Amino acid sequence: MIEINIKKQIGNFNLDVNVKSQNKILGILGESGSGKTMILKCIAGLIDPDEGYIKFNTKYYDSSKSFSMKTENRKVGYMFQSYALFPNMTAEKNIYFVCQDKKKTKELLKKVGLYEKKDLFPKKLSGGQKQRLAMARMLSINPEVILLDESFSALDSVLRDEMEKFIKDLITNYDIPTILVSHNKEEVYRFSEDALVIKNGHIEDFGSKEEVFFNPKNKYSAKLVGFDIFLSQDERKDFEFKEKPGTNVAIKSKNLKIKDGSNFIIESKEDDLEGYFYNVKNKNTEKIFRIKSNLDLKIGAEINIEVINFVNIHL
């Protein structure tokens, strides 16, 4: 169980979140400056909220009882984007310094596949190896919760996918509640069980990742999870829908199909590895839409557009 109900004001910024997640892995999705990292810092005890409570198996903060557990007493594993490894210590000593247990250090090095690298300093390790070492060091304190702050953003796409799976399997095996913050929607979807969308310190959407990603509650949330076309009742009348839409709809451009017709005209065209991107103009409203298709069409061609899939939202 993850329970976070806190308020914090710093300057003109107000953080106000209230979330309870029954699942083990919570992903927080938001733009830069939305308050994602501030939530993690409040959990870790680096910042005290103004009011509220934070609870996992243990209560870390409760303003109603004037209680805030000391940072050093919170069993929090915090992985920063930079990993924060000790550069003057070998891989083995990075772990041992934290847990002071030789047997556990050896077990964790083997668990993350770094036992053969135990005598190397961090500068001699690859990005993925550094991340594995940081993960092992976190696990050495038997954390009650793990916090991942944009932890995969510095890795290339192939290594990122590999490390996401490795760390998720590790967390699942150890059965530790985990919070991942990211601005990367694919990362949050692949890694998390529940998802929270935050904007300017406030929750815009929360639920299972399937609920948030496939049925977002509003336009902001829909944009962050990949919807890129938003139509009001007037704007959607020139589109063809396979099912009856609500008043306002959100659509992913990949769910549009070009058909014969004359409601739209192709304004421009760009090559893509898997087809073409077209900027098409609605002849009635003159609004421009960007869509993708495998069809090789000419600029100036007139078309109709069919919507294969959509969600109803509040604009």
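The values are calculated or read from the model by the stated rules, or taken from the named source; none is laboratory data. Nothing here was measured: the structure is a model prediction, and the numbers come from that model. Please note: Cβ atoms are built from the backbone with ideal geometry, for glycine as well, and neighbour counts cover all protein chains shown. Just the protein is used for accessible areas: all its heavy atoms, side chains included, with ligands, DNA and RNA removed. Shrake-Rupley method; radii C 1.70, N 1.55, O 1.52, S 1.80 Å.
Things worth noting here:
- Counting heavy atoms of the protein chains alone, D260 has an accessible area of about 150 Å² for a 1.4 Å probe.
- The order of F86, F264 by accessible area, most exposed first and with a 1.4 Å probe, is F86, F264.
- Calculated [θ] (222 nm, deg cm²/dmol) that DSSP helices of n ≥ 4 give over the chain, each run adding -39,500 (n - 2.57): -7000 deg cm²/dmol
- Helix 157-174 and the long axis of the chain differ in direction by around 50°, with both axes built from C-alpha atoms.
- Ligands, DNA and RNA left out, the 1.4 Å accessible surface of the chain is 45% carbon and sulfur atoms.
- Heavy-atom accessible area per residue - the chain, 1.4 Å, Å²: 51
- For a straight C-alpha distance cut-off of 18 angstrom, the lysines reachable from K209 (same-chain residues fewer than eight places away being disregarded) are K20, K24, K36, K165, K168, K185, K199, K217, K219, K223, K252.
- Sparsely packed loop sites in the stretch 257-286 (the GluC sites (Glu not before Pro) outside DSSP H, G, I, E and B with at most 12 other Cβ atoms within 10 Å) comprise E274, E286.
- Put H202, H314, H183 in order of accessible area, highest first, and with a 1.4 Å probe you get H314, H183, H202.
- Helix axis angle, 127-139 relative to the chain longest principal axis, alpha carbon, degrees: 50
- Report note on the peptides 288-296, 2-10, 136-144: ranked by the mean count of other C-beta atoms within 10 Å, highest first, their order is 136-144, 2-10, 288-296.
- Most mobile of G33, G275, G226 in a GNM of the chain (Cα contacts under 10 Å): G275
- Exposure of T71 as accessible area (Å², to 10), given a probe of 1.4 Å and all protein chains: 60
- The residues C99, C42, sorted by heavy-atom accessible surface at 1.4 Å with ligands and nucleic acids left out, run C99, C42 from largest to smallest.
- Cα lying deepest toward the dipole's positive end in the stretch 1-148, options V112, I4, L85, charges on Cβ: V112
- Selected from K242, K41, K75 as most flexible by GNM, with the chain as the system and alpha-carbon contacts under 10 Å: K242
- Within the assembled protein chains, the solvent-accessible surface assigned to F56 is about 10 Å², based on a 1.4 Å probe.
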